[in-house]
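The values are calculated or read from the model by the stated rules, or taken from the named source; none is laboratory data. The model shown is predicted, which means the values in this text are computed figures rather than measured ones. Note that we place each Cβ from the backbone using ideal geometry, even for glycine, and neighbour counts take in every protein chain shown. The protein model used for the area step is the full one, side chains on, heavy atoms only, and it has no ligands, DNA or RNA in it. Shrake-Rupley method; radii C 1.70, N 1.55, O 1.52, S 1.80 Å.
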Amino acid sequence: MMDSLYIAWKYLTYNKVKTATLVACIVLIAFLPMALELLLDESERQLLSRAVSTPLVVGAKGSALDLVMNTIYFGDEVPEIITMAAAEKIYESDLALPVPLYVRFQARKHPIVGTTLDYFDFRGLTLATGESITMLGDCVLGATAADRLDLNVGESIVSSPENLFDLAGVYPLKMKVVGILDKTHTSDDLAIFVDLKTTYVIQGLVHGHTDLWKVRDPTLILNKDDKNITGSAKVYEYTEITEDNIEEFHYHGDPTAAPITAVIALPFDEKSGTILRGRYLTDEENHQIVKPAEVINTLLASIFRIKNVLDAVIVIVGLGTVIAIILVFALSLRLRQREIVTIFKIGCRQMTIARLIAAEILIIVGFSAIICLVLLAFVNHYDDSLVRTLFIR
Amino acid sequence: MIEINSLEFEYRAGEFHLTMPEFAVEKGEKVAVIGPSGSGKTTLLNLVAGILTPRKGSVAVGNTVVSGLSDQARRDFRITNVGFVFQDFALLDYLNVMDNILHPYRITGALKLTGEIRERAAMLAREMGIGDKLRRQSTDLSHGEKQRAAICRALLPHPRVILADEATGNLDPGNKIRILELLFESVEKHDATLLAVTHDHELLPHFDRVADFQAFQGQAAQGGQAP
């Protein structure tokens, strides 16, 4: 058999293009459905496990999917903004514990999640190193985020501006890393957690600058009377919160009107949850309450419907490929008739030809299998990121 | 050594038929086979090699009646006892020269490929003047070099019978004699028998005997020719 493999190998390496084409066909047809299956399994696992563990989400009326994806997977699509009044309303209902979330900003392509410490308790997030958020401007990194951003406790990360061309917009905020979370294999691993107020600093709602009452430079003051003072654009706003300047930070406006993207409602019991859901059913209500598991199941049903179509397409394409491969081998045998006749004339047995063809098929299939396994290992290794890119974003 | 008796052979229901009442080649004898194109010279070689089987009569090599063997037995007999130099060289494009020479050893269990065989193949190639081209693809060789590689392949297993179909057809005059001498040397060294088809009448004096096919009844019925 070694001699047959040797001759087959020589034939295949001599006919590189034909061999590469056959290998590519087999790899594609084997890899696609397996990779798809792998990714769908992973997406199902990721999507469902987190959705099931999140009882209720309250957000602006609109796309329930965008709301859930943003709230539990910190997806890029930001739902319509609501206010802290929504969280207050849940708190006052005494039916559930509200955990407000503001997931709008990013730092080096990682979502900045503004929330309260209740979120950490709810998700069971524990610190691997450092400490929890205690001060405005502090941040705690998910394990993967810390790894990818190559950040440790004591170092800093700057928030990314939403729009480069918005000259009047917010300045990037330098946040201090005070802790790194243990790995959870969920979206939390990729997030940068800050206090809600820190996200308002990023947005410019909370800002810090020199006390205008104390400045002497007249060009810094636009307007001044006994009660009010208006600074000019020349007033320098702090882009980093330190112990020295933290006292200068202040919020303009009504705290209940502070923006958030959603509230995770943690009902005290099943009955409370049902009552709470009922309260959002009226037409006058401008918020919606959703059960993430239901939303994700709808999404998964759509994904699996698409998968069924894809499976059918892959089966048809696969059959076509197999027929094409058989045809290639059949034509190849015709083209190699002279060679076969020569081998027969030299005196080889009929089985030898079969053995040579089998060896060629074995090598092609073997190579395809190796490439397929390498690709699958790659997909398996990066399935977390791939699922996020393909299904969550 | 080669003995043909009352042989009758035909291609495709009478399109061509060959009859040979009696033909014999002694052991160690070097016989040239001449005759017009389509007279059945190559057919004769194929019959002796057991590639074709006669309709009637017998073909024997030594004590083996080749025509009486089963298809499988004829293949085994051929690969171990017959060295065939084909008219079209029959080298495989995807193998280098060395692999082409060693090819019979790789396609049968009847011949064992050893280090000694490899050395012998290299030596034979050197003697044929292609020793420096062993790693070259056969497609990179000239016609003459291909022919010499094909001869190396035929001679390597020290066959009892060497059948050469226009073995020197693609060679220049100097090389023709040199290759012929090598074939003769192999025949003498291994006490083999050479049956060589040739159109080159200048070479005939070098052979022990010339078998003229016009003496046989190689006929093309209805204007057909032997393939």
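Some points to look at:
- Only one entry in B:Ala196, B:Ala149 is within 23 Å of B:Tyr105 (Cα to Cα) and modelled with pLDDT of 90 or more, namely B:Ala149.
- Complete set of residues in region A:94-110 that are assigned to a strand (DSSP E or B) and in contact with a Ser or Thr (Cβ under 8 Å, 6 or more places away or on another chain): A:Ala96, A:Val99, A:Pro100, A:Leu101, A:Tyr102, A:Val103, A:Arg104, A:Phe105, A:Gln106, A:Ala107
- The set of residues in region B:54-80 that are in a loop (DSSP other than H, G, I, E, B), out of contact with any strand residue (DSSP E or B) (no Cβ under 8 Å at 6 or more places or on another chain) and either more than 13 Å from chain A (Cβ to nearest Cβ) or more than 25 Å from B:Ile107 (Cβ to Cβ) (or both) comprises B:Gly62, B:Asn63.
- Residue within region A:53-61 that is within 14 Å of chain B (Cβ to nearest Cβ), aliphatic (A, V, I, L, M) and surrounded by 20 or more Cβ atoms within 10 Å (Cβ to Cβ) present: no
- Selection within region B:156-202 - acidic (Asp, Glu), open to solvent by 20 Å² or more (accessible area, probe 1.4 Å) and within 13 Å of the chain's Cα centre (by Cα): B:Glu166
- The residues of region A:93-112 that are of a type outside the set (Phe, Trp, Tyr) and open to solvent by less than 10 Å² (accessible area, probe 1.4 Å), listed by number, are A:Ala96, A:Val99, A:Pro100, A:Leu101, A:Val103, A:Ala107, A:Ile112.
- The lone exception for A:Ser132 - which of (1) closer than 21 Å to A:Ala51 by Cβ; (2) open to solvent by less than 60 Å² (accessible area, probe 1.4 Å); (3) within 25 Å of the chain's Cα centre (by Cα) it fails: (1)
- Test: residue in region A:85-92 that is touching a Lys or Arg at 6+ places or on another chain (Cβ under 7 Å), in a helix (DSSP H, G or I) and either crowded, with 21+ Cβ neighbours inside 10 Å or not assigned by TED's automatic domain parsing to the domain that holds A:Thr321 (or both): no
- Filter result for A:Lys10 (among the charged types (D, E, K, R), in contact with a Phe, Trp or Tyr (Cβ under 9 Å, 6 or more places away or on another chain) and farther than 30 Å from A:Ile82 by Cβ): yes
- Consider region B:81-94 and keep the residues that are among the aromatic types (Phe, Trp, Tyr) and part of a loop (DSSP other than H, G, I, E, B). The one that is nearest to the other protein chains (Cβ to nearest Cβ) is B:Tyr94.
- Selected residue (only one of A:Thr210, A:Thr219, A:Thr239 is outside the structural domain of A:Leu136 (by TED's automatic domain parsing), modelled with pLDDT of 75 or more and over 27 Å from A:Ile289 (Cβ atoms)): A:Thr219
- Only one of A:Ala128, A:Ala145 that is in contact with a His (Cβ under 9 Å, 6 or more places away or on another chain) and outside any loop (DSSP other than H, G, I, E, B): A:Ala145
- Selection within region A:120-129 - over 18 Å from A:Ala146 (Cβ atoms) and surrounded by 17 or more Cβ atoms within 10 Å (Cβ to Cβ): A:Phe122
- Filtered residues of region A:262-296 (kept if more than 21 Å from A:Val52 (Cβ to Cβ) and polar (S, T, N, Q)): A:Thr282, A:Asn286
- Meets criteria (farther than 20 Å from B:Val187 by Cα and within 14 Å of chain A (Cβ to nearest Cβ)) for B:Ser142: no
- Within region B:20-57, the residues that satisfy the criterion of being in contact with an Asp or Glu (Cβ under 8 Å, 6 or more places away or on another chain) and free of Cβ contacts under 8 Å to residues at least 60 places away in the same chain are B:Ala24, B:Pro54, B:Arg55, B:Lys56, B:Gly57.
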